1. In region 92-116, which residues have a backbone nitrogen under 16 Å from the label point lying 7 Å from ASN420's Cα in the Cα-to-Cβ direction?
2. Calculate, for ILE366 and LYS304, the FRET efficiency according to 1/(1 + (r/R0)^6) with r their C-beta to C-beta distance and R0 22 Å; round to the nearest 0.05.
3. How long is the gain from SER227 to GLU37 if the chain were fully straight, where each residue apart is worth 0.36 nm and the alpha carbon distance is subtracted?
4. If I model a spin label as a point 7 Å beyond the Cα along the Cα-Cβ vector, how far apart are those points for LYS83 and ASP427 in nm?
5. Rounded to whole Hz and in sequence order, give me ³J(HN,Hα) for region 376-393 from the Karplus expression 6.51 cos²θ - 1.76 cosθ + 1.60, θ = phi - 60°, writing x for Gly and Pro.
6. What FRET efficiency comes out for ASP294 versus THR258 if R0 is 45 angstrom and r is the Cβ-Cβ distance? Round to the nearest 0.05.
7. How much area per residue is accessible in region 1-109 when the probe is 1.4 Å and only protein heavy atoms are counted (Å²)?
8. What dipole magnitude, in Debye to the nearest 20, does region 192-266 give about its Cα centre under +1 on Lys/Arg Cβ and -1 on Asp/Glu Cβ?
Amino acid sequence: MNQPKVKRRVGKYELGRTIGEGTFAKVKFARNSETGEPVAIKIFDKEKVLKHKMVEQIEREIGTMKLIQHPNVVQLYEVMGSKTKIFIVLEFVTGGELFDRIVNHGRMREDEARSYFQQLIHAVDYCHSRGVYHRDLKLENLLLDVYGRLKISDFGLSAFSRQVREDGLLHTSCGTPNYVAPEVLNDQGYDGATADLWSCGVILFVLLAGYLPFDDSNLMNLYKKISAAEFTCPPWLSFGAVKLIAQILDPNPMTRITIPEIMEDAWFKKNYKPPVFYEKEGTNLDDVHALFKDSEEHHVSEKKEEQQPIAMNAFDLISMSKGLKLDNLFDAEHGFKRETRFTSRCPANEIVSKIEKAAKPLGFDIHKKNFKMLLEKVKVGRKGNLNVATEIFQVAPSLHMVEVRKAKGDTLEFHMFLKNLSASLEDVVWKTEEDMQETKAIRVREHNSIAFMAASKIASPSNHSIAIS
Ligand code: 3AM
């Protein structure tokens with residue numbers, strides 16, 4: 001069951017777990033082995049990029065992004081190319097996505113939403129002034145750092161997700177068009193700045209309302225609503241917020257408010273402190289120019305190293321895993337967790353079949369190999385199909401550790417899956433006395449708060465939140 005792990009190295013970076021997988025790229029956690037600094041690496045397929053003839057634009061936008069060191073933009077450190085892949089090394093941002101905050105806690109107070117919007121507008125304006133447009137601004141691209149500061153992800157990477165159609169024209173290929181400006185949907189050429197601004201308006205609406213301004217399960221109806229800017233603000237928004245949103249969500253890009261005008265708006269200006277920061281000087285762009293060169297000397301070295309499993313005794317393993325706890329799936333250092341572990345006294349075969357039994361009715365296809373499983377959700381979720389990988393390690397003849405990891409898809413959908421799994425695996429998970437006490441305490445707390453709500457007849461507030469699947 002325990003096989004030596006293979007470690008991948010790209011240049012000076014040691015690749016770790018996959019953080020996420022989108023339509024165009026895989027995001028992996030990595031560590032700079034010279035400095036120990038954690039980074040996120042986006043990995044693209046070189047052939048796909050070359051096929052779409054985006055080389056010049058990519059070189060230009062990436063070159064510019066390397067120079068930008070804005071506090072609200074995920075920093076691009078360097079780029080590397082191998083024969084088949086492109087690696088983009090980015091600042092590692094640990095606070096999760098703003099989207100998850102809205103899904104978990106609902107809409108924000110106006111002051112909080114304004115503060116995020118101010119950070120967003122300043123950063124977008126800054127990148128625009130340097131000729132870089134985002135073209136896919138949405139809540140899912142807004143990350144948070146440990147201090148709760150906004151970090152826009154994917155600025156300067158729009159060329160990677162765009163495709164050239166047979167008519168030779170560029171078009172944005174996006175999943176759901178909820179954030180896309182009417183002129184982009186009409187596909188008759190558009191200005192990147194005003195189109196980005198429209199998306200900022202949609203983001204502001206979602207932060208304040210807790211739901212999307214334009215939404216419809218029928219794509220044609222959604223297009224119609226966006227083209228006519230057909231939306232209604234909820235009654236709890238202040239006059240100032242409604243006025244600003246209406247000026248941004250103007251379907252005519254010629255009359256839409258501009259960023260300098262937003263910066264003069266009374267609602268926007270409240271408590272506004274533009275960030276103070278310094279630009280990098282003398283950044284080397286050799287890596288950008290080398291990216292698409294064919295000769296070996298320009299390729300980054302990719303190595304696989306066999307790693308002996310770390311020697312751990314049973315106590316180390318048990319203290320790492322404990323019960324299948326669901327109350328600690330968020331931590332300040334790593335944000336929303338993408339993996340968890342538990343220990344079990346059941347035989348490995350039994351654990352496998354229990355996981356299978358639990359996952360099948362939840363709509364997962366199951367693949368098994370050597371006590372490793374890959375559970376693939378058939379239905380497409382918010383970020384593609386959720387894939388969950390599990391692995392069983394033997395600690396002692398009658399003690400196993402089970403690792404459950406999100407391999408692909410949405411982290412919150414993964415957390416929901418864990419909730420269901422933990423209910424089905426109650427008799428498989430080995431609980432220490434300490435765990436039992438803790439579970440008991442949580443149950444008593446939950447029972448008391450339900451009893452309190454019932455006694456004081458607190459109606460649950462109608463919660464308009466974004467559906468996550
Ligand atoms: O799949 P989830 O939502 O857990 O937040 C991004 C997303 O996570 C994360 O990678 C996943 C696929 O996009 N991500 C993207 N850029 C990141 C970065 N610079 C990042 N996580 C940390 N630092």
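1. none
2. Efficiency, rounded to the nearest 0.05: 0.20.
3. Difference between extended and current length: 63.9 nm.
4. In this crude label model, LYS83 to ASP427 measures out at 5.4 nm.
5. Per-residue couplings from phi come out as 10, 6, 6, 6, 6, x, 4, 10, x, 6, 6, 10, 10, 9, 10, 9, 10, 10 Hz.
6. Values: r = 43 Å, r/R0 = 0.96.
About 0.55, to the nearest 0.05.
7. Dividing the accessible area of region 1-109 by its residue count gives 45 Å².
8. Value, rounded to 20: 140 debye.
The values are calculated or read from the model by the stated rules, or taken from the named source; none is laboratory data. Since the structure is predicted, the reported quantities are computational estimates derived from the model, not experimental observations. Backbone-built Cβ (ideal geometry, glycine too); neighbour counts: all protein chains shown. In case anyone asks, the SASA skips ligands and DNA or RNA and just uses the protein heavy atoms, side chains included. Shrake-Rupley method; radii C 1.70, N 1.55, O 1.52, S 1.80 Å.
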